[in-house]
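Take a look at the structure below.
The values are calculated or read from the model by the stated rules, or taken from the named source; none is laboratory data. Quick caveat: nothing in here was measured; it's all calculated off a predicted structure. Note that each Cβ is placed from the backbone with ideal geometry, even for glycine, and that neighbours are counted across all protein chains shown.
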Amino acid sequence: MKYQGVPPPLLDAVLVLLALVDTWGNVDLGQELAVACALLGAFALLLRRRLPLTTFVLTLPTTLVTDAVFATLAALYTLSSLSRHRGLLVGCALTYSIIDFLPWPWSTLRVGELAGPNLVHLIYTLGTAAAPVFLGQLVQAHRELSLRLAEITKAREHERLLTAQSVLAKERAQLAREMHDVVSHQVSLIAVQAGALQVAGGDAETKEAAATIRRLSVQTLDELRHMVSVLRASGSRPTELTPQPSLADLRTLVEGSGIDADLVTDLPDNVPATVQRAVYRTVQEALTNVRKHAPGARATIQVRRADGTIRTTVTNTAPVRPALPLPSAHHGLIGLRQRAELLGGTISSGPTPDGGYELLLELPATDAP
């Protein structure tokens, strides 16, 4: 066993020294065989970590021919602390007990001597052999438990790290959606209004100020596009915003869009909140695209419910002037399609015969399972 703060080589040296002291106190130095066996057992302890079973076997002769048993018990303890083979440990313990119990040389053994007081000696020998085995198994269990606790602690740290990363990814996705749905919407409106002011301005100073506002708005949109792309790289599923818009905010959205648009809706108030948000974001994105790609066009927004399906249609006429070169991250329709799929609906878009454009969102009237 590796004790904390005690280097293994030093501990092995201490065990060898204790085995030599046991030899000096229990072995007649005049008996060469006994001394040789005791020295073999003592120095064999240096191999106990790498070859525990071999070390135990090498220490058995000292128990057989002498009363020095420290080396054998130390080797038995080491074997028990490192081995999982219970049968082997029982066999080694019984081997030690029998060798220690039987007298040496075995030729002096008499059957009658096995009864009486010697039975107590046998029980004592068995208990002596069992002690290092139990202690070694206890140390092994403690060591394995410590390793398991360390693994559990490491796993929990890893789990906490993954949880923190997941929360961060959701926050990034939420921020990306907010920047796209809210900030870019307002900035693009500023750019469109500035462009209109630049065209209709009566004096050079007004036109120059409008051009500056438009240029800065376009730069801001471009920077927002890069920021949204970075934030979306987290791979997290888009999250909703707080506070969330509803159908009651549609008219305010249309009136503030800067587009000549008509809103027709007949939806009741009991539409699920998730469906209301999806309809709002779809109309918002469609109006943003009209401002970007169809300047001067007229838009019609229809939100109706029929046969358990809520159908939102945003149609615009052909543009009356060239579109402004505003940057786009191309995430708008992708985000709308993902939102619709999560709610069990579909979204489609495409040009109309008169040169305009139409976007159609169909959602079930209830939350998707």
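When you go through Leu175, Leu109, Leu122 one by one, which is the residue that is surrounded by 14 or more Cβ atoms within 10 Å (Cβ to Cβ), in the same structural domain as Val21 (by TED's automatic domain parsing), at pLDDT below 80 and over 27 Å from Val14 (Cα atoms)? Full working, then the answer.
Values: Leu175 fails: in the same structural domain as Val21 (by TED's automatic domain parsing); Leu109 fails: surrounded by 14 or more Cβ atoms within 10 Å (Cβ to Cβ).
The unique qualifying residue is Leu122.
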> In region 243-289, which residues are in contact (Cβ under 8 Å) with a residue 24 or more places away in the chain and among the charged types (D, E, K, R)?
Replying inline: Asp249, Asp260, Asp262, Asp266, Arg277, Arg281, Glu285
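Please find, among Arg277, Arg305, the residue that is surrounded by 15 or more Cβ atoms within 10 Å (Cβ to Cβ), farther than 16 Å from Tyr357 by Cα and under 38 Å from the mean Cα position of the chain (by Cα). Step through it out loud before you land on a result.
Details: Arg305 fails: under 38 Å from the mean Cα position of the chain (by Cα).
Only one candidate passes the filter, namely Arg277.
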>> Here's a check for you: in region 338-369, which residue that is buried (at least 16 other Cβ atoms within 10 Å of the Cβ), under 33 Å from the mean Cα position of the chain (by Cα) and among the small types (Gly, Ala, Ser) is modelled with the lowest pLDDT?
In response: Ala340
>> Restricting to region 19-67, count the residues that are part of a loop (DSSP other than H, G, I, E, B) and closer than 24 Å to Pro8 by Cα.
In response: 4
>> Restricting to region 345-360, count the residues that are among the hydrophobic types (A, V, I, L, M, F, W, C) and in contact with a helix residue (DSSP H, G or I) (Cβ under 7 Å, 6 or more places away or on another chain).
In response: 2
